[in-house]
Amino acid sequence: MYAKQKYDRGDIREMNTINVLDELRTNGPLSRARIASRLGLTRATVSNIVSPLLKSALINETEFDDKGSGRPGMLLNLNPELGCMIAVEIDLDCVSLVLAKVGLEVIWKHREPVGVGDSLEVTLVRAENMVQQALVKARRRKLRCFGICVAWAGLVNREDGRLEYGPTSGWRSVPLRADWERRFGVPIYVENEAHSGAIAAYHFGPRAGARNFVYLSVGVGLAAGIFVDGILLRGKRGFAGQVGHTFFEENGKTCACGKQGCWVTEVGAKAVVQKLIDAGVQIPQATRAGGDWIELIAAKASAGDGAVLKVLSQVGRQLGYGAARIVETFNPSTVIVGGRLAQLIRPVEADVRSTILAQTLPCMREQLELIIGNESVDPLMGGLATIFDVIMQNPSLSKASMPEVLAG
Ligand SMILES: [Zn+2]
């Protein structure tokens, strides 16, 4: 009985610790009193929780002028110098990386194009070189690296850190965590790219904290991260959200996954490029790797190019048809369209919106919100949040000595 009670208290304390750290991550710096009122805790409880966190250097405190009271108050914040985190996104046409301090201050952000036909080996070497550079930058600043989170467009096995299957890339069973932990000597986390984008939306987006929303990642691939009642739907093996490979068009194009008429064969990057070419729009071959063509087409769209806007309008409606099915299935408050193609969808937002509304049942479409392309909703930010979540759940991690971050 006593053991049970002790366990429960520990549980509550851990939950409160996570909540305090989460408040500081999203709203810091904050005073103890402010944290207490935001979380509905007593000042004493907050002080109890904060004390070991200060000792472990996970958070620090600074003085501020408490106007009116005549004495300085203390503000708590995450300790930005505690260490750093690295998020990597391995997309089908580019590799992106961000190196950030624990307080989310970005130290280095970098992107390199990858040819859509490039092999697994070429892409991984590119990613590994970028990680190596980031770790050198971290070491120069004497920052301990708490981990690397890799977001990838495919079925990801988070249990053993394996990239199981890329329906568009064709990659199969890549033991990324094992390979990279051996190579870099820091914890490696893997995440599906759309899930990572949804995690970013949950923590940092314009509707941060929303409990029911759909994040739709539109790029070379197409997938969704869906939050229901504040929980990311992962499914039995964590593969949920592969909406791009659901049926869309009878007698449609053959998809890279081998099926015919998948949704992504109509609104994915490859399909959009083909539709633009068919409409007579010039897209130089040299701009196709790395997605430079997206900037080109976005510029044409904002200049009012009729042929471009006509194609994008069709793509917008096709996106709306599919999105409406997801809305009717999950009843979200918000649909967030992200991914590299979001900037091409933005000019035709009205087409997406009107299609979703026309295709959704009356009561369900009321107050349904559509957000297209928001910078804070970035899979890289989701990756940083994933690593930070691990630190929050194990505050003692921050006391560990700094490991050698570079292999060899
Ligand atoms: Zn498919």
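Of all residues in region 170-207, which are surrounded by fewer than 23 Cβ atoms within 10 Å (Cβ to Cβ) and within 16 Å of the ligand (Cβ to nearest atom)?
Matches in region 170-207: G170, W171, R172.
List pairs: first in region 43-56 and in contact (Cβ under 8 Å) with a residue 24 or more places away in the chain and closer than 17 Å to N394 by Cα, second among the hydroxyl-bearing types (S, T, Y) and part of a helix (DSSP H, G or I), Cβ under 8 Å, 6+ apart or cross-chain?
If the second residue must be among the hydroxyl-bearing types (S, T, Y) and part of a helix (DSSP H, G or I), the pairs left are I49/T17; L53/T17; S56/S396; S56/S398.
Mind checking which residues of region 257-285 are near the ligand (Cβ under 9 Å from one of its atoms) and surrounded by fewer than 20 Cβ atoms within 10 Å (Cβ to Cβ)?
C257, G258, K259, Q260, G261
Can you name every residue in region 320-344 that is small (G, A, S) and part of a helix (DSSP H, G or I)? Steps first, please.
Residues of region 320-344 small (G, A, S): 320, 322-324, 333, 338-339, 342.
G320, G322, A323, A324, A342, listed by residue number.
So that you can scan it fast, the table gives a plain yes or no per residue for (1) in contact with a strand residue (DSSP E or B) (Cβ under 8 Å, 6 or more places away or on another chain); (2) not in a strand (DSSP E or B):
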position	(1), (2)
M130	yes, yes
K137	yes, yes
K142	no, yes
C145	yes, no
I148	yes, no
E164	yes, no
D179	no, yes
R182	no, yes
V186	yes, yes
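Can you tell which of L143, L155 is assigned by TED's automatic domain parsing to the domain that holds V106, within 16 Å of the ligand (Cβ to nearest atom) and in contact (Cβ under 8 Å) with a residue 12 or more places away in the chain? Quick ask: steps written out before the conclusion?
Working: L143 fails: within 16 Å of the ligand (Cβ to nearest atom).
After applying the criteria, what remains is L155.
Give the residues of region 304-341 that are among the charged types (D, E, K, R) and at pLDDT 95 or above, sorted by residue number. Lay out the reasoning, then the answer.
Taking region 304-341 and keeping what is among the charged types (D, E, K, R), we get 305, 310, 317, 325, 328, 340.
Selection gives D305, K310, R317, R325, E328.
Considering only residues of region 239-256 that are away from the ligand (no atom under 11 Å from the Cβ) and modelled with pLDDT of 95 or more, which is surrounded by the most Cβ atoms within 10 Å (Cβ to Cβ)?
G241
Can you tell me which condition H195 does not meet? The list is (1) closer than 23 Å to I294 by Cβ; (2) assigned to a loop (DSSP other than H, G, I, E, B), and all the others hold.
(2)
In region 206-215, is there at least one residue being small (G, A, S) and on the phi < 0 side of the Ramachandran plot?
Of the residues in region 206-215, the ones small (G, A, S) are 208-210.
Filter once more, so that each one left must be on the phi < 0 side of the Ramachandran plot: 208, 210.
Yes.
The values are calculated or read from the model by the stated rules, or taken from the named source; none is laboratory data. In this text the structure is predicted, and so the values were computed from the model without any measurement. Note: ideal-geometry Cβ built from the backbone for every residue, glycine included; neighbour counts use all protein chains shown.
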